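The values are calculated or read from the model by the stated rules, or taken from the named source; none is laboratory data. Small disclaimer: the values here were computed from a predicted structure and weren't measured. Please note: Cβ atoms are built from the backbone with ideal geometry, for glycine as well, and neighbour counts cover all protein chains shown.
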Amino acid sequence: MGFFAIAVHVQLKYIEHFYNVAAFIYVNEQDYHELSRHVAPSVTMDDKDEYAKRFDNLMYALILAQMEAL
């Protein structure tokens with residue numbers, strides 16, 4: 001089992017909760033905490049396309065800003 005698989009397995013209960021799209025209809029403060037602390041660090045990108053990474057980073061920042069404003 002590789003490092004990525006171990007990292008996901010450790011956070012599996014959080015990842016499974018947010019696997020269902022309905023979990024994002026209403027994100028409360030505890031959900032936000034679980035997403036940012038347990039799920040987000042397990043997302044990695046090995047893509048070499050810097051423009052795509054910058055775009056993704058911008059989108060994540062906009063989503064985060066909108067969530068924090070709520």
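Restricting attention to the range 26-55, and to residues there that are of a type in the set (Phe, Trp, Tyr) and either within 18 Å of ALA69 (Cα to Cα) or loosely packed, with under 11 Cβ neighbours inside 10 Å (or both), which single residue is farthest from the chain's Cα centre (by Cα)? If we take residues in the range 26-55 being of a type in the set (Phe, Trp, Tyr) and either within 18 Å of ALA69 (Cα to Cα) or loosely packed, with under 11 Cβ neighbours inside 10 Å (or both), then TYR51 is farthest from the chain's Cα centre (by Cα).
Among the residues of the range 4-14, are any in contact with a helix residue (DSSP H, G or I) (Cβ under 7 Å, 6 or more places away or on another chain), part of a helix (DSSP H, G or I), of a type in the set (Phe, Trp, Tyr) and at pLDDT 85 or above? Checked against the condition, which is being in contact with a helix residue (DSSP H, G or I) (Cβ under 7 Å, 6 or more places away or on another chain), part of a helix (DSSP H, G or I), of a type in the set (Phe, Trp, Tyr) and at pLDDT 85 or above, the range 4-14 yields no hits at all. Scan the range 36-70 for residues that are closer than 18 Å to ILE25 by Cα and among the aromatic types (Phe, Trp, Tyr) and the total you get is 1. Annotation note: Cβ proximity below 9 Å between a residue of the range 34-50 that is within 13 Å of LYS13 (Cα to Cα) and a residue that is surrounded by fewer than 10 Cβ atoms within 10 Å (Cβ to Cβ) (sequence gap 6+ or interchain) occurs for HIS38/LYS13.
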